[in-house]
Amino acid sequence: MIDEKKIEAAVRLFLEGIGEDPEREGLKETPVRIAHMCHEIYGGMEADVEGCLKKTFAASGNEMVLEKDITFYSTCEHHLLPFYGKAHVAYLPGERVVGLSKLARTVDAFARRAQIQEQMTAQIAGAVMDYLQPKGVMVVVEAEHMCMTMRGIKKPGSRTMTYKCLGEFEHSEELRRTVFENIRYA
């Protein structure tokens, strides 16, 4: 899906556009490096989200599963600058649970795309709901956006929080409060 040749050509044009010489020693291989880097940064476009969540285990008696402080790095689709932070994924299991690393892999699959934080939050919640079929899911994402810290308003340290609730979390303020309290204090 990633076309390295197009990326290399675009980076050369970009360098020329900002007044650089793409043939100077320090920049000569930059287009190739960026093309290779795109597999790592934007590889989520090719990620198998279902594969992340399809291996489940029977479980009973679980009231809530919360995987918190999942570090992620993403790219804002408006300025192509990074945003990064922590994701927290809570769900109320039905009859099955998923391995904890799979929740982190799901976050990575959606983070490694050009997008907005609100969309990423909803996509993670939707995938957990669709593939695990829990009684409910809540995803909270906290991030710092470089488009706000290094350009524009220039407010380093400001963070944006988004959350998405599905199933029982949509209708229960108590469940939502429990997640927020556990994120902050547990």
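List of remarks:
- Complete set of residues in segment 43-92 that are open to solvent by 40 Å² or more (accessible area, probe 1.4 Å), over 26 Å from Ser158 (Cα atoms) and either of a type in the set (Ser, Thr, Tyr) or in a strand (DSSP E or B) (or both): Phe57, Ala58, Ser60
- Selection of segment 3-22 for residues being loosely packed, with under 14 Cβ neighbours inside 10 Å and closer than 20 Å to Arg113 by Cβ yields Asp3, Lys6.
- Single residue of segment 100-120 satisfying the filter (out of contact with any Leu (no Cβ under 7 Å at 6 or more places or on another chain), open to solvent by less than 10 Å² (accessible area, probe 1.4 Å) and assigned to a helix (DSSP H, G or I)) that is nearest to His145 (Cα to Cα): Gln117
The values are calculated or read from the model by the stated rules, or taken from the named source; none is laboratory data. Keep in mind it's a predicted model, so treat the numbers as computed, not measured. Cβ coordinates were reconstructed from backbone atoms using ideal geometry, including for glycine residues, and neighbour counts include every protein chain displayed. Keep in mind that these areas ignore ligands, DNA and RNA; they rest on the heavy atoms of the full protein, side chains included. Shrake-Rupley method; radii C 1.70, N 1.55, O 1.52, S 1.80 Å.
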